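Trainee: Below are the structure tokens for one structure; questions will follow.
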Amino acid sequence: MIWLNRRGLLAAAGVVPALVLGAPAFAQDGDVTLTHYFTGEFGLKIFNEQVAKFEAATDYTIKNSPIGHEDFKTDILVRAAGDSLPDVFSYWAGARTQFVVDSGSLHPIDDMWARDGLDDVVAKSVAGSATMYNGKRYLVPFNYHYAGMFYNTQVLADAGVTDMPTSWDGFLALCETLKEKGVTPIALGSKNRWPAQFWFDYLLLGTAGPDYRASLMSGAAAYDDAEVKAAMAMWKELADKGYFAPNANADSWTDASDKVARGDAAMTLMGTWITGYWNGLGLEAGKDYDFFPFPSIADGVPVSVVGPVDGLVISNDGGNRAGAEAFLSYMMSNADVQASWTGAYGALSANVNVDPANYNVVMQRVSTVVAGADNFAFNYDLATPPPVAEVGLAMFSRFMDDPSQVDDILAQVAADAAQAFKE
């Protein structure tokens, strides 16, 4: 069990209790306090435009306090432990939301969901996996993403590649072809650790399957199991063959994306927010960049797609419950907001009324791939409790720094993860 009282939240955030002081700042009438991680390259401008639509349509004013994506992960847990959360905050569906729900920090939205008819708005596949925790609804899925192999079309064309691989052997052949042509096959920016997780996710899901992966995420399986070792061995093979650009841990995800955009590398495994980033740089979907799904590995294993669901939740600390519910309902139900936001951000909408024609040609194909998959899996750090995710994310970073140490790394992680599940 993970310790989920105030001290447990602080432990997950890596903060000592003395740092949390003070009482919540309650909103004034008409004000709704909001904290979110849609900053910088993660869409601050377009998010603010959608918030302005809500303010124009209602009598509420949003008191907006954005926090950088990485800092947010710690800040929100510190505020939860100090009972000083805003009315509304963005959060990632899955184990992170479960963790905060279990701490007693969130307000259920079942009544609002029923009153405002969200059953007829939110796609059932996303609603079922992302909104329910301990038998109640807590999260509105503001958007969702998919991680795929995004590539520079000109680089692959210059290398004579016309057909994208669908199998693991085909992917290895593609990497070897690119390397022989003097092209670095893969860029990975693991400076902040999380971009590396998609490799672990797809390799494990594609070999051991979603049931085993779920067991590992819940603590029923161990990181020194044969299934994990096999997935890591495949990752190590890619590194040993020189398919990754060097010094991955020195680059951010945008650094890796820039390498692909410039043609310094051919492709990167990244979430669909990369399309919003590239669009902002003037790249054209389908012309300058495209994608292909992560290749299948083992016969008979269900096809999984991986990605996060960005949600909005209501805290138990805020002073404007009615305004908070109005904000969540509007941001989810308004098809114009959803189309504008997801189109610019490089995401997909869970609103069934959003016309797929709003997406560019690449995102339209992404939508088809996601719809045709057997399994939608939350990416690693959203699929296992935050204290355990910290152990795994550190593992990915250590591995990319020195893949030859994989056996020692897995032995240590197996012990550390088992301890984190007990605390």
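No lab work stands behind these numbers, since they all come straight from the coordinates. Because the structure is a prediction, the values reported are computed rather than measured. FYI the Cβ positions are ideal-geometry reconstructions off the backbone, even for glycines, and counts take in every protein chain you see.
Trainee: In degrees from 0 to 90, rounded to the nearest 10, what is the angle of the helix 386-401 Cα long axis to the longest principal axis of the chain?
Mentor: Once rounded, one gets 30 degrees.
Trainee: Now, a different point. With a Förster radius of 45 Å, plug the Cβ-Cβ distance of residue 336 and residue 214 into 1/(1 + (r/R0)^6) and report the FRET value to the nearest 0.05.
Mentor: Approximately 0.75, to the nearest 0.05.
Trainee: To continue, here is another question. Quick check: residue separation of residue 64 and residue 250 times 0.36 nm, minus the Cα distance between them. What number comes out in nm?
Mentor: Result: 63.8 nm gained on full extension.
Trainee: A follow-up question, please. Can you list residues from other chains, or at least 5 along the same chain, whose modelled amide H is less than 5 Å from the amide H of residue 91?
Mentor: Under 5 Å from the amide H of residue 91: 311, 312, 313.
Trainee: Pairs to check: 181/287; 179/259; 181/241. Give those whose C-alpha atoms are more than 20 Å from each other in this structure.
Mentor: 181/287
Trainee: In addition: In percent, what relative contact order does segment 283-388 have, based on Cα pairs under 8 Å that are 6 or more apart in sequence?
Mentor: Rounded, it is 39 percent for segment 283-388.
Trainee: Please find the FRET efficiency linking residue 162 to residue 358, where r is the Cβ-Cβ separation and R0 is fixed at 25 Å, and quote it to the nearest 0.05.
Mentor: Calculated value: 0.25.
Trainee: With charges set only on the Cβ (+1 for Lys and Arg, -1 for Asp and Glu), what does the dipole of segment 177-302 come to about its Cα centre, in debye to the nearest 20?
Mentor: For segment 177-302, the charge dipole is close to 240 debye.
Trainee: Using a Gaussian network model of the chain whose springs link C-alpha atoms within less than 10 Å, name the residue from 202, 243, 151 with the highest mean-square fluctuation.
Mentor: Highest fluctuation among the options: 243.
Trainee: Once the convex hull of the alpha carbons of segment 29-150 is built, what does its volume come to per residue, in cubic angstrom?
Mentor: Once divided by residue count, the hull of segment 29-150 is 141 Å³.
Trainee: Here's another thing I want to ask about it. Taking Cα centroids, how far is segment 388-422 from segment 42-101 in Å?
Mentor: Here the answer is 30 Å between Cα centres.
Trainee: Here's another thing I want to ask about it. Identify which of 206, 170, 346 has the largest mean-square fluctuation in a Gaussian network model of the chain, with springs joining Cα atoms closer than 10 Å.
Mentor: Of 206, 170, 346, the most mobile in the Gaussian network model is 170.
Trainee: So, one more: What number, rounded to the nearest 500 deg cm²/dmol, is the helix-based mean residue ellipticity at 222 nm of the chain, given -39500 (n - 2.57) per DSSP H run of at least four residues and division by all its residues?
Mentor: -14500 deg cm²/dmol
Trainee: For residue 299 and residue 169, compute 0.36 nm times the residue count separating them, minus their Cα-Cα distance, and round to one decimal in nm.
Mentor: Extending this stretch completely gives an extra 45.5 nm.
Trainee: Show me, for segment 194-209, the HN-Hα J-couplings you get by feeding each phi into the Karplus relation (A = 6.51, B = -1.76, C = 1.60, θ = phi - 60°), rounded to Hz, glycine and proline as x.
Mentor: Here the 3J(HN,Hα) series is 4, x, 6, 4, 5, 5, 4, 4, 5, 5, 6, 4, x, 10, 8, x Hz.
Trainee: So if I place +1 on the C-beta of Lys and Arg and -1 on the C-beta of Asp and Glu, and nothing else carries charge, what would the dipole magnitude of the chain be about its Cα centre? I want it in debye, nearest 20.
Mentor: 300
Trainee: Just one of [x] 35, 26, 19; [y] 40, 24, 20; [z] 59, 28, 19 is semi-axes √(5λ) of the Cα gyration tensor in Å as worked out from the coordinates here. Which one is it?
Mentor: Computing semi-axes √(5λ) of the Cα gyration tensor in Å and matching it to [x] 35, 26, 19; [y] 40, 24, 20; [z] 59, 28, 19 gives [x].
Trainee: Per residue of segment 57-69, in order, report the coupling 6.51 cos²θ - 1.76 cosθ + 1.60 (Karplus, θ = phi - 60°) as ³J(HN,Hα) in whole Hz, putting x for Gly and Pro.
Mentor: My calculation for segment 57-69 gives 8, 9, 9, 8, 10, 8, 8, 9, 10, x, 10, x, 3 Hz in order.
Trainee: Sticking with this one: Show the residues, 5+ positions off or on another chain, whose built amide H is closer than 5 Å to the amide H of residue 289.
Mentor: 153, 284
Trainee: To continue, here is another question. Short version: ³J(HN,Hα) in whole Hz for each residue of segment 232-244, in order, from phi by Karplus 6.51 cos²θ - 1.76 cosθ + 1.60 (θ = phi - 60°), x for Gly and Pro, what are they?
Mentor: Couplings: 5, 5, 5, 5, 4, 4, 4, 5, 4, 7, x, 7, 8 Hz.
Trainee: On to the next question. Name the long-range amide H neighbours of residue 306: under 5 Å, sequence gap of 5 or more, or other chain; modelled H, no Pro or chain starts.
Mentor: 147, 377
Trainee: OK, next. By the gyration tensor of its Cα atoms, with a ≥ b ≥ c the square roots of the eigenvalues, what is the shape of segment 46-103: rounded for a/c under 1.5, prolate for a/b over b/c, or oblate?
Mentor: Here segment 46-103 falls in the prolate category.
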